[in-house]
Amino acid sequence: MIVVLIVACEVGFWVLLALGLALRYLARMPRTGAVVLLMEPLLELVLLIVTAVDLKNGAPADWKHGLAAVYIGFTVAYGHYTIKWVDGHFAHRFAGGPRPVKRYGLARAKHEGKLWARTVVMAAVAAALLQLATWYVGDGGDTRSLHEWQLTTLRIVAVHGVIALTYLIWQKKDPGRTTAGEEAARPPQKTLR
């Protein structure tokens, strides 16, 4: 049941997001769209309550409960960012908003560092929820799976940290900009007279 609820929460997230943005931009009802978008956290609250009830009713703590904690942590860390990102693209596509900015070089590395910080928040929230679940189950239950998920969140942080670091070490240049050295290296253009 927990896995089905996690899938339902993910589908519900995207449905509410699409509905909220459609109301905001296509139906020209910004307040109604904002109210729909504010209903997003209720999905995670329902998941948290159902997970706690499942453990309280004697279900063994397993990978499903760990996945629920990581999903809630991800939503806490990335939910607002994702909504804002999709909102910017939706506004550009359907409401004449500005084109989303593409980042290159140090700006991109800084952006990737901020995303990594969000992953750290995700791991901290998930680890805290997993620890609470461990205490909630108590000494009588098997909580190895919950501890394994805590280690998994640390692995996610480490892998994402290495990926973010690559953006700092190997910075991608803006294809629209050229440096003075590149300009000098180009052969002169012939002009027709």
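The values are calculated or read from the model by the stated rules, or taken from the named source; none is laboratory data. Quantities reported herein were computed from a predicted structural model and do not represent experimental measurements. So basically every Cβ, Gly included, is an ideal-geometry build from the backbone, and we count neighbours across all protein chains shown. Just the protein is used for accessible areas: all its heavy atoms, side chains included, with ligands, DNA and RNA removed. Shrake-Rupley method; radii C 1.70, N 1.55, O 1.52, S 1.80 Å.
Miscellaneous remarks
- Of all the listed residues (ARG155, ARG93, ARG118), the sole one being more than 19 Å from ILE72 (Cβ to Cβ) and of a type in the set (Lys, Arg) is ARG93.
- In the set (1) open to solvent by 40 Å² or more (accessible area, probe 1.4 Å); (2) over 30 Å from GLN131 (Cβ atoms), the condition left unmet by GLY105 is number (1).
- Inside the range 76-98, residues that are more than 30 Å from ALA126 (Cβ to Cβ) and small (Gly, Ala, Ser) make up a count of 4.
Every residue, every condition in (1) open to solvent by 30 Å² or more (accessible area, probe 1.4 Å); (2) assigned to a helix (DSSP H, G or I); (3) not aromatic (Phe, Trp, Tyr), yes or no:
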| residue | (1), (2), (3) |
| --- | --- |
| LEU48 | yes, yes, yes |
| LEU55 | no, yes, yes |
| GLY58 | yes, no, yes |
| ALA61 | no, no, yes |
| HIS65 | no, yes, yes |
| GLY73 | no, yes, yes |
| GLY79 | no, yes, yes |
| LYS84 | yes, yes, yes |
| ALA91 | no, yes, yes |
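- Residue satisfying all of: in the range 25-44; in contact (Cβ under 8 Å) with a residue 40 or more places away in the chain and surrounded by 15 or more Cβ atoms within 10 Å (Cβ to Cβ); nearest to the chain's Cα centre (by Cα) among these: GLU40
- Unmet requirement for ARG108, which otherwise passes all of (1) of a type outside the set (Gly, Ala, Ser); (2) assigned to a helix (DSSP H, G or I); (3) within 22 Å of SER145 (Cα to Cα): (3)
- Residue count for the range 48-70, restricted to those that are farther than 11 Å from TYR136 by Cα and touching a helix residue (DSSP H, G or I) at 6+ places or on another chain (Cβ under 7 Å): 13
- Any hit, the range 129-149, residues being part of a helix (DSSP H, G or I) and under 16 Å from the mean Cα position of the chain (by Cα): no
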